[in-house]
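A.B. asks: Just dropping this structure here.
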Amino acid sequence: MAQFNGDYWENRYQENTARWDLGSISTPIKEYIDQLKDKELTIAIPGSGNAHEAEYLFRNGFKNVYVIDIAISPLQNIQQRIPSFPKEHLIQADFFTLDMNFDLVIEQTFFCALSPNLRPAYVKKMHDVLVPTGKIVGLLFDAPLYEDHPPFGGNKKEYQTLFNPYFDIDIMEPATNSVESRAGRELFIKMYKKQHS
């Protein structure tokens, strides 16, 4: 399995080969954000890429939005698009080394970008970075996709087995409002952090 490290992702952005960037916020996540009332929520978008979700949140009054990516180019892209976005909220780091806590994590193509052998570590780290009442909301691919390079796919049964030890799954259902290129291939997820005794 190739190393999908910071250099790998930086090269993808430099070469403009991160083809799953939709160029705007995806509809299911936009509609979820549109019904959020609490603008004070601390929100993380790990493996954010160009973070159209962060831009949408910020422009709609959410000021505690943190963007985490292992590559520098997407963070620079955000800074150029939104000069008023707080620089200290643009974090170039390996998500697995992050020492922060959030109310909400938005999952948008980060999970599928990781080597599948990192998925158990992803679930545990998500549990660690969320406050006790925290949740993950977003999208997972519901299709096999690729085996040797991102995006890596999966299915509902596999995801349930993976997340169940750490999360109470409120919603994990086929998205009904995906963008056309992803129609029928996405699961909308909403999962609450489990309280371990």
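A.B. asks: So, in region 78-119, how many residues would count as being closer than 30 Å to LYS156 by Cβ and of a type in the set (A, V, I, L, M)?
C.D. replies: 8
A.B. asks: Additional query: Of all residues being part of a strand (DSSP E or B), out of contact with any helix residue (DSSP H, G or I) (no Cβ under 6 Å at 6 or more places or on another chain) and touching a residue at least 24 places away in the same chain (Cβ under 8 Å) in region 141-153, which is farthest from ILE169 (Cα to Cα)? Just the residue, please. Steps first, answer last, please.
C.D. replies: Of the residues in region 141-153, the ones part of a strand (DSSP E or B) are 141, 143-146, 152-153.
Of the ones still in play, those that are also out of contact with any helix residue (DSSP H, G or I) (no Cβ under 6 Å at 6 or more places or on another chain) are 143-146, 153.
Now drop any that are not touching a residue at least 24 places away in the same chain (Cβ under 8 Å), which leaves 143, 145, 153.
Values: ALA143: 20, LEU145: 24, GLY153: 19 Å.
Taking the candidates together, the pick is LEU145.
A.B. asks: Moving on to the next point. Please count how many residues of region 120-148 are of a type in the set (Asp, Glu) and either closer than 16 Å to ASP94 by Cα or modelled with pLDDT of 90 or more (or both). Step through it out loud before you land on a result.
C.D. replies: Step one: of region 120-148, the residues of a type in the set (Asp, Glu) are 128, 142, 147-148.
Retained after the next criterion (residues that are either closer than 16 Å to ASP94 by Cα or modelled with pLDDT of 90 or more (or both)): 128, 142.
Total satisfying the criteria: 2.
A.B. asks: Counting only residues that are out of contact with any Ser or Thr (no Cβ under 9 Å at 6 or more places or on another chain) and crowded, with 20+ Cβ neighbours inside 10 Å, which one in region 91-108 is nearest to PHE188 (Cα to Cα)?
C.D. replies: Among residues in region 91-108 that are out of contact with any Ser or Thr (no Cβ under 9 Å at 6 or more places or on another chain) and crowded, with 20+ Cβ neighbours inside 10 Å, the one nearest to PHE188 (Cα to Cα) is GLU107.
A.B. asks: Quick check on my filter: what residues within region 177-197 are part of a loop (DSSP other than H, G, I, E, B), farther than 13 Å from PHE141 by Cα and at pLDDT below 95? Outline the logic, then answer.
C.D. replies: Filtering region 177-197 down to residues part of a loop (DSSP other than H, G, I, E, B) leaves 177-179, 183-185, 194-197.
Remaining after also requiring farther than 13 Å from PHE141 by Cα: 177, 194-197.
Scanning region 177-197 gives ASN177, GLN195, HIS196, SER197.
A.B. asks: Name, by its number, the condition in (1) at pLDDT below 95; (2) assigned to a loop (DSSP other than H, G, I, E, B); (3) within 24 Å of GLU88 (Cα to Cα) that does not hold for PHE4.
C.D. replies: Status for PHE4: all satisfied but (3).
A.B. asks: List every residue pair whose Cβ atoms lie under 6 Å apart, where the two residues are 6 or more positions apart in sequence or sit on different chains, the first residue falls within region 91-119 and is over 25 Å from LYS37 (Cα atoms), and the second residue, located anywhere, is at pLDDT 90 or above and among the basic types (Lys, Arg).
C.D. replies: Taking only residues 6 or more apart or on different chains, the pairs are PHE96/LYS125.
A.B. asks: With of a type in the set (Asp, Glu), out of contact with any His (no Cβ under 7 Å at 6 or more places or on another chain) and in contact (Cβ under 8 Å) with a residue 24 or more places away in the chain as the only criterion, which of ASP69, ASP128 stands out?
C.D. replies: Working: ASP128 fails: in contact (Cβ under 8 Å) with a residue 24 or more places away in the chain.
Among ASP69, ASP128, only ASP69 is of a type in the set (Asp, Glu), out of contact with any His (no Cβ under 7 Å at 6 or more places or on another chain) and in contact (Cβ under 8 Å) with a residue 24 or more places away in the chain.
The values are calculated or read from the model by the stated rules, or taken from the named source; none is laboratory data. None of these values were measured; they are calculated from a predicted model. Please note: Cβ atoms are built from the backbone with ideal geometry, for glycine as well, and neighbour counts cover all protein chains shown.
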